[in-house]
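**Q** The structure's right below; bear with me while I get my questions together.
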Amino acid sequence: MLARTAAAYERDPALQQDLLQDISVALWRALPRWRGDAPIKGYVARIAHNCGADHVGRHARRVETELEESLIDPGSGPSEHAQTHQSRQSLLDAVRQLPLGQRQVVVLSLEGFTLVEIAHALMIEPDSANQRMSRARRALRHYMGQDHEATRP
């Protein structure tokens, strides 16, 4: 989860590793302050996303890089691999274009967090998380050239 979070905030693999290290240090420092009143996963995600937000504030956009291919189905052929890679690259590029608040809810959602968990991790109301997610979905459809499709009822 932490590596994917870092990748959502930074394109350059070397800077992703730096961000991941920053996240790890921040977690190491913050864990003694965890009170146990909320799930640890949400607490860790909040710290990771705060580090990512700080990183974005400090760094300009970087040169595009290749996505990690660790989740490719080994049974599929080269054309399926290429299509999967292109789809991931398009999605990640689109996520990186989102405003920070929308990017955070999308990345947490992709990690399997529910809207309630996202709201808790980001310390916002569930309705705010839902609104950010709705706006992010519209923006992602636009960025990925799918805004011509009919919206769902």
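**Q** May I ask you to derive the relative contact order of segment 1-48, considering only C-alpha pairs under 8 Å and at least 6 residues apart, and to give it as an integer percent?
**A** 39 percent
**Q** Mind ordering 118-131, 19-32 by average Cβ neighbours within 10 Å, highest first?
**A** Result, highest mean first: 118-131, 19-32.
**Q** How much net charge surrounds VAL106 when only the other residues with a Cβ under 11 Å from the Cβ of VAL106 are counted, with Lys and Arg +1 and Asp and Glu -1?
**A** With Lys, Arg at +1 and Asp, Glu at -1, the neighbours total +4.
**Q** Please turn the phi angles of segment 33-46 into ³J(HN,Hα) values with the Karplus equation 6.51 cos²θ - 1.76 cosθ + 1.60 (θ = phi - 60°), one per residue in order, whole Hz, x for glycine and proline.
**A** For segment 33-46, the Karplus-derived couplings read 8, 5, 8, x, 8, 9, x, 4, 4, x, 5, 5, 4, 4 Hz, x marking Gly and Pro.
A short reminder: the numbers here are calculations on the coordinates, not readings from a lab. Computed from a predicted model, the values in this text were never measured in an experiment. Positions of Cβ are backbone-derived with ideal geometry, glycine not excepted, and every protein chain shown enters the neighbour counts.
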